[in-house]
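The values are calculated or read from the model by the stated rules, or taken from the named source; none is laboratory data. As the structure is a computational prediction, the values presented were derived from the model and not from experiment. Cβ placement follows ideal geometry from the backbone for every residue including glycine, while neighbour counts extend to all protein chains displayed. Accessible surface areas use protein heavy atoms only, side chains included; no ligands, DNA or RNA. Shrake-Rupley method; radii C 1.70, N 1.55, O 1.52, S 1.80 Å.
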Amino acid sequence: LTVIGQEPGALIAETTHFSTFVSGHIPATTLADSEDYPLGLDTDGVHVYYTAGGNAANVLESGNQGLVFRVPVNGGEPEVLTPPMLDPKGLAVNATHVYWANGGHGVDESGSTGATIMRVAKAGGTPETVSEAAYPLALALDDGAVYWSDADTDQIVMRPLSGEANTVLAEAQR
């Protein structure tokens, strides 16, 4: 790092390394490493929740499998919240549960892809299927519903958390 100038309240510097420093901000902290293909990410302010295809401590049999993890926001060991899932992707958290999209395994002989929207209690436990899907990717929550994008059907779908039927909010989203 080479300081090349100064302005009131700031230094101007050059570096050969890719990094960002903003005066008064806390430097980044690595919360988990050796994660295999981390995708979904959300926080409740206490933990950071994420999906990944395993990690150094949790090696999975198939490249299409993955796990849901949480790690304290101040650092610590990642905790596995689920058994191996089919291609977990987008993830969102509310006050009680972690929701995520399982991408599935491709179409099997029964016509099923195994793709689902799932949830588990924030402390872990038995995952529950919220809805079947074709190929869900991104996922979001509000106080009353879970929303996801489906790359196979080109739709944006909503399901009330109270369990009513899915509603397609948008179609032909290519």
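Only one of (1) farther than 30 Å from VAL46 by Cβ; (2) part of a strand (DSSP E or B) fails for GLY104. Which number is that?
(2)
Scan the stretch 84-97 and give yes if some residue there is surrounded by 20 or more Cβ atoms within 10 Å (Cβ to Cβ), in contact with a strand residue (DSSP E or B) (Cβ under 6 Å, 6 or more places away or on another chain), closer than 15 Å to GLY66 by Cβ and modelled with pLDDT of 95 or more, otherwise no.
Among the residues of the stretch 84-97, at least one is surrounded by 20 or more Cβ atoms within 10 Å (Cβ to Cβ), in contact with a strand residue (DSSP E or B) (Cβ under 6 Å, 6 or more places away or on another chain), closer than 15 Å to GLY66 by Cβ and modelled with pLDDT of 95 or more, which makes the answer yes.
Test GLY125 against the stated conditions and say whether it is outside any strand (DSSP E or B), open to solvent by less than 40 Å² (accessible area, probe 1.4 Å) and not acidic (Asp, Glu).
Taking the combined requirement at face value, the residue does not satisfy it.
Can you give me the number of residues within the stretch 128-147 that are surrounded by fewer than 17 Cβ atoms within 10 Å (Cβ to Cβ), in contact (Cβ under 8 Å) with a residue 12 or more places away in the chain and not in a strand (DSSP E or B)?
3
If you go through the stretch 82-95 one residue at a time, do you hit one that is within 15 Å of the chain's Cα centre (by Cα), part of a loop (DSSP other than H, G, I, E, B) and basic (Lys, Arg)?
Checked against the condition, which is being within 15 Å of the chain's Cα centre (by Cα), part of a loop (DSSP other than H, G, I, E, B) and basic (Lys, Arg), the stretch 82-95 yields no hits at all.
Are there any pairs, at least 6 apart or on different chains, whose C-beta atoms fall under 8 Å, with the first in the stretch 44-68 and at positive phi and the second of a type in the set (A, V, I, L, M) and open to solvent by less than 30 Å² (accessible area, probe 1.4 Å), and if so, which?
Pairs found: GLY54/LEU67.
ASP150 - would you say it is at pLDDT below 95, at positive phi and open to solvent by less than 30 Å² (accessible area, probe 1.4 Å)?
no
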